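Reading through the structure tokens given below for one structure.
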Amino acid sequence: MEITSNNIPIPINSSRGESRAGIPPSFPLTLPPRLDPQAWLEQLASGEVWVVKGGQSQALILEKPHTADFLGFGAALGMNLDRHCQAVIPLGEVSLHRPRSFLEQQWAYRRRQYWIEWQQRLTEAYPLQQRGSLLWQALQDILPMEIVQSIPDVILGKMVGISPEMMAATRPAPPWLATLGRPVVAESTG
């Protein structure tokens, strides 16, 4: 059984049945019609082991009460670690599948450990003021810019332990904004 999504990230709040963006739960996410967004959270609460399926530029963010975990492709999720998950934020075209063998499950555990250590290095190795900037750089190396820009500051702040306001202050300007304010030079036709 696979759970898929190919949407821009919209956090799904399990406690109220609505997205964090204020979009009602009837907003059509591009999940298969037999599964609603609540199915992602139910799968995590089941305690079964799942694996993030997708390519190098797909990932999930699991929002928990005080933290948010970034899980890239190949990472294991579910188990007891994710029972208190409040929201699942798919980044790109992500799907979940059950490991087909013991070796695949062990590899998925190693991938989960890799992503935990990746996130921990961003959190511990740098002063508080630099965490946001370093998270932006790291995410832009992994994901397309439009997906990174669509992740809410609250979630990103939870990933590295800083406030949403500080995260917003470190948010890079969109590329199109760099051209504003520059003088327009007229071409001469001579």
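Numbers at a glance
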{"quantity": "Note, ³J(HN,Hα) from phi for the stretch 55-71, Karplus 6.51, -1.76, 1.60, rounded to Hz, x at Gly and Pro", "calculated": "x, 5, 9, 10, 7, 10, 10, 9, 8, 10, x, 10, 9, 9, 10, 8, 10"}
{"quantity": "Placed amide H near residue 87: partners under 5 Å, 5+ positions off or other chain", "calculated": "63"}
{"quantity": "Inter-label distance for residue 124 and residue 145, nm, one decimal - labels placed 7 Å from Cα along Cα-to-Cβ", "calculated": "3.4 nm"}
{"quantity": "Counted charge near residue 148, where neighbours are those whose Cβ lies closer than 13 Å (Asp, Glu -1; Lys, Arg +1)", "calculated": "-2"}
{"quantity": "Pairwise FRET efficiency - residue 81 versus residue 168, Cβ, R0 = 25 Å, nearest 0.05", "calculated": "0.30"}
{"quantity": "For residue 75, distant residues with modelled amide H under 5 Å away", "calculated": "52"}
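Computed from the coordinates by the stated procedures, all read-outs in this text should not be read as laboratory data. Note that the structure is a prediction, hence the values are computed from the model and not measured. A quick note on method: Cβ atoms are made from the backbone with ideal geometry, for glycine too, and the neighbour counts reach across all protein chains shown.
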